[in-house]
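Below: one structure, written as structure tokens.
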Amino acid sequence: MASNLHVVIVGAGIAGLMTAALLEKANISYQVLEKAKEIKPLGSTMSIGPQVLTIFEQLGLYPEVLAVTKPAGQINFKREDLSPIGTFYTRSPGLDIRGRYGAESRSISRPDLINLLLTFIPAGKIQYNKQVLSTKQDGNKVVIQCSDNSLHVGSILVGADGAYSSVRQNIYQELEHAGTLPKTDATPMSCDFDCLVGVTSPLDSSLFPVCNDQFSDFEIILSDDALYSWWFMPIANNRELISKVALEDKVFNSWYSGRTVLIGDACHKMLPFGGQGANMAILSALELVNLLYDIDEDSQEEISQVFEKYYEARHSAGVAAGVLADVSRYVFLHWIPNWVIQLGTDKMNEYRKQISFLPYVEVKGTFRSKANKPSRRL
Ligand SMILES: Cc1cc2nc3c(=O)[nH]c(=O)nc-3n(C[C@H](O)[C@H](O)[C@H](O)COP(=O)(O)OP(=O)(O)OC[C@H]3O[C@@H](n4cnc5c(N)ncnc54)[C@H](O)[C@@H]3O)c2cc1C
């Protein structure tokens with residue numbers, strides 16, 4: 001790996017923290033700039049799939065993940081009086097997800113996922129109260145300016161600053177100036193809904209027996225006249241918090257320019273219906289750090305090659321996940337045969353990429369996923 005490489009990550013959400021955790025493991029120099037004055041434990045539940053679980057197993061955190069998660073179950077649609085409308089079987093007796101892919105997806109609260117990632121990152125490597133305002137880059141370096149007038153220099157800038165990414169806005173200005181920004185990237189994200197998310201305090205399981213269920217089944221309550229739906233699911237460790245999230249979606253086409261690259265919601269904002277946002281962020285971080293581990297020098301030429309390969313590997317996955325989220329909205333309510341669901345889950349598990357510079361773990365299940373090669377440095 002290039003010994004003078006220094007990566008500046010903007011944003012301490014799941015994309016930024018996963019990138020930082022992997023750079024820490026790869027022994028590559030980095031720092032994280034976060035605009036908030038601390039990491040706030042906001043958000044509700046997310047589902048992490050077998051591919052992401054393999055990465056946590058490689059990182060030696062599998063028992064910790066199991067302790068704070070429940071296997072994601074089926075999705076039950078109900079009327080307001082709780083009478084059933086239908087069920088979308090995403091586990092046995094519908095599909096044997098564990099037997100086929102080695103593990104079920106698992107439901108985890110956003111705060112628990114953030115806390116797991118923080119265990120890898122030395123405290124001093126995340127700087128808070130650092131709102132990035134502008135970025136400038138040339139063939140040798142990128143300079144980042146924050147609202148407190150501090151300047152930060154890196155050989156690579158990773159924009160992990162979410163849906164309204166200021167890093168994205170900065171590089172899009174550059175691309176527009178150069179006449180290379182596609183028209184689709186110049187239009188704003190669509191925003192159809194607002195969503196309130198939260199996690200309850202621990203509930204009394206004698207009053208709420210659903211808490212004892214082995215699986216985290218999703219319950220979706222629909223009404224004929226209300227303009228909203230209720231979604232809830234039991235998870236392992238409960239806390240009480242509500243936050244508001246706008247449900248936008250857009251997969252951008254320009255993900256990098258010069259020494260700057262985007263990751264997570266900064267380049268692909270998903271609707272939550274397909275449960276893909278956090279998975280996409282984690283798998284993109286894996287791809288990027290695997291590629292960075294193998295470069296010899298931090299020349300613009302090598303960095304451009306890394307970004308191109310990263311884009312090739314992840315952009316189509318972003319488009320597919322966006323389609324899944326959209327389609328899920330409409331097909332959930334209709335009966336679809338198990339073999340069709342299995343086609344979709346097979347596609348999602350086509351690759352089981354691992355951290356190329358750590359020992360590989362055995363992938364269980366009868367389905368044969370494609371793997372990536374270990375780093376050429378090993
Ligand atoms: C508060 C919150 C709650 C959420 N709750 C849910 C949920 O319940 N379920 C679900 O499926 N998804 C939820 N999401 C979305 C989900 O976390 C993301 O889709 C996914 O994890 C990808 O994360 P990300 O790191 O790319 O972006 P984000 O999670 O949005 O993280 C971006 C980070 O960048 C920081 N940042 C932004 N601008 C700047 C700047 N200019 N300078 C420095 N730092 C900056 C932000 O403070 C934030 O920490 C939530 C997101 C947030 C922010």
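The values are calculated or read from the model by the stated rules, or taken from the named source; none is laboratory data. All figures in this text were calculated on a predicted structure; none of them were measured in a lab. Neighbour counts run over all protein chains shown; Cβ positions are idealised from the backbone, glycine included. The accessibility values were calculated without ligands, DNA or RNA, using every heavy atom of the protein model including side chains. Shrake-Rupley method; radii C 1.70, N 1.55, O 1.52, S 1.80 Å.
Scanning the stretch 13-44 for residues that are more than 23 Å from Val143 (Cα to Cα) and of a type in the set (Asp, Glu) yields a single hit, Glu38.
Of the numbered criteria (1) closer than 18 Å to Val10 by Cα; (2) touching a Gly at 6+ places or on another chain (Cβ under 7 Å), the one Met270 fails is (1). Taking the stretch 15-64 as the range and being buried (at least 23 other Cβ atoms within 10 Å of the Cβ), more than 14 Å from the ligand (Cβ to nearest atom) and of a type in the set (S, T, N, Q) as the test, the residues that pass are Gln51, Thr54. The set of residues in the stretch 186-236 being aliphatic (A, V, I, L, M), in a loop (DSSP other than H, G, I, E, B) and surrounded by 11 or more Cβ atoms within 10 Å (Cβ to Cβ) consists of Met189, Leu203, Met233, Ile235, Ala236.
Only a single item in (1) within 16 Å of the ligand (Cβ to nearest atom); (2) touching a Phe, Trp or Tyr at 6+ places or on another chain (Cβ under 9 Å); (3) within 29 Å of Asn212 (Cβ to Cβ) is not met by Ala12, and it is number (3).
Taken together, the residues in the stretch 113-172 that are in contact with a helix residue (DSSP H, G or I) (Cβ under 8 Å, 6 or more places away or on another chain), open to solvent by 40 Å² or more (accessible area, probe 1.4 Å) and free of Cβ contacts under 8 Å to residues at least 40 places away in the same chain amount to 1.
Among the residues of the stretch 191-207, is there at least one that is touching a residue at least 60 places away in the same chain (Cβ under 8 Å), under 25 Å from Gly277 (Cβ atoms) and more than 16 Å from the ligand (Cβ to nearest atom)? Looking through the stretch 191-207, none of the residues is touching a residue at least 60 places away in the same chain (Cβ under 8 Å), under 25 Å from Gly277 (Cβ atoms) and more than 16 Å from the ligand (Cβ to nearest atom). Residues that are surrounded by fewer than 24 Cβ atoms within 10 Å (Cβ to Cβ) and of a type in the set (Gly, Ala, Ser) were ranked within the stretch 280-305; the one that is nearest to the ligand (Cβ to nearest atom) is Ser304.
Table: residues versus (1) open to solvent by 20 Å² or more (accessible area, probe 1.4 Å); (2) within 16 Å of the ligand (Cβ to nearest atom); (3) modelled with pLDDT of 95 or more.
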| site | (1), (2), (3) |
| --- | --- |
| Asp81 | yes, no, no |
| Pro84 | yes, no, no |
| Arg91 | yes, no, no |
| Leu95 | no, no, no |
| Ser107 | no, yes, no |
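Scanning the stretch 171-178 for any residue that is modelled with pLDDT under 80, in contact with a Leu (Cβ under 9 Å, 6 or more places away or on another chain) and not hydroxyl-bearing (Ser, Thr, Tyr) turns up nothing.
Among the residues of the stretch 136-165, those identified as in a strand (DSSP E or B) and near the ligand (Cβ under 10 Å from one of its atoms) are Ile144, Cys146, Gly159.
When the strands (runs of 3 or more DSSP E) confined to the stretch 39-104 are screened for residues that are in contact (Cβ under 8 Å) with a residue 60 or more places away in the chain and over 17 Å from Pro234 (Cβ atoms), those reaching at least 1 such residues are found at 70-79, 84-88. Does Ser3 satisfy the condition of being over 30 Å from Asp225 (Cβ atoms), small (Gly, Ala, Ser) and not in a helix (DSSP H, G or I)? Against the criterion (over 30 Å from Asp225 (Cβ atoms), small (Gly, Ala, Ser) and not in a helix (DSSP H, G or I)), Ser3 qualifies. Which residue, of Gly277, Gly344, is open to solvent by less than 30 Å² (accessible area, probe 1.4 Å) and modelled with pLDDT under 95? Only one candidate passes the filter, namely Gly277.
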